[in-house]
Amino acid sequence: MEERWKVKTPEHVTLNFQLAGVGSRGAAQIVDSVLLGLLYSGMIALLIFTENHLDFMLEGRGWVIAFVILVLFGIQWGYFFLFEWFSGGKTLGKMLLGLRVVKEDGGKATALSLLIRNLLRIIDMLPFYYLIGMVMVFFHPQHKRLGDLVGGTIVIHERKKQRSKKKQSLVEKEIENRDLKSDQQIVGDWERQNVTKKDWNLLKTYVHRYPTLKPAEKDTMTREVAEILLPKLGLEDGTKNEDELATRLYAAYIELKEEWEFQL
């Protein structure tokens, strides 16, 4: 069951968030740890290369080691803080898992709150690999670690962006303009049995060509196809209105489409 966090804004609008639990947050942390491990490996490799090729560095080896330790410290805490600050509450791991850090009121996390929550990682990491943090996230009602409690933040699942509406084809637009529904049934069971593959191909060709024709061509083609197919479909009643005939042909197409396209 998804756990939710509801926030009521001063404008009396209720915001509903899905909280990120220990599983998704742990997965994001693993991704970030792998990336940090690669950075650490690069720093160590650079240190080894420097010591092997620059003799004068040997005299100040203690200073070099101290500098490297400071850089590693900066990478460890700077990575999380800077990414979350400049990326709107997301590290690379959170991006991949669809997570985001926000304030408790649902607003964008401030630089101060992000700084506090990340400085307190030093406690959440104890005694090894975020054991305290994971235990707190697991048991806390809003899945907060110590850094979230002090920083006033929560970690949520981002809302998935709705996919843009699929572009309608000319046939779909024609069906929509004629207000035809897929659940309408106008062709009887007996008439369905009279439809041949040749009839279906003619109907399908007509439906797809109709939107591209000029008005006069539409009328001509509609009369010719209607004269062949409507009697077979039991939809012929003597009307000569080309628009009405076209509507009946499109309605028949909708009804027969699933059956015939499945067979073919």
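Coordinate-derived values only; no laboratory data. What you see is a predicted model; the values in this text were computed from it and never measured. Cβ sites come from the backbone with ideal geometry, for glycine too, and all protein chains shown count toward neighbours.
Brief remarks follow.
- Computed over region 106-264, the ratio Rg/Rh where both radii use C-alpha atoms and Rh is Kirkwood: 1.49
- Sequence ranges 242-255, 118-131, ranked by mean other-Cβ count within 10 angstrom, highest first: 242-255, 118-131
- Formal net charge of residues neighbouring S87 (Cβ-Cβ distance under 15 Å; K, R +1; D, E -1): +2
- Near T110, once Lys and Arg are set to +1 and Asp and Glu to -1 for all other residues with Cβ below 12 Å from its Cβ, the sum equals 0.
- Summed residue charge, Cβ within 15 Å of N194's Cβ, Lys/Arg positive, Asp/Glu negative: -2
- Between the listed residues T212, L229, T239, the Cα displaced farthest toward the positive end of the dipole of region 118-264, a dipole computed from Cβ unit charges relative to the Cα centre, is found at T212.
- Packing here is the average count of other Cβ atoms within 10 Å per residue, and on that basis the peptides 23-33, 71-81, highest first, run 23-33, 71-81.
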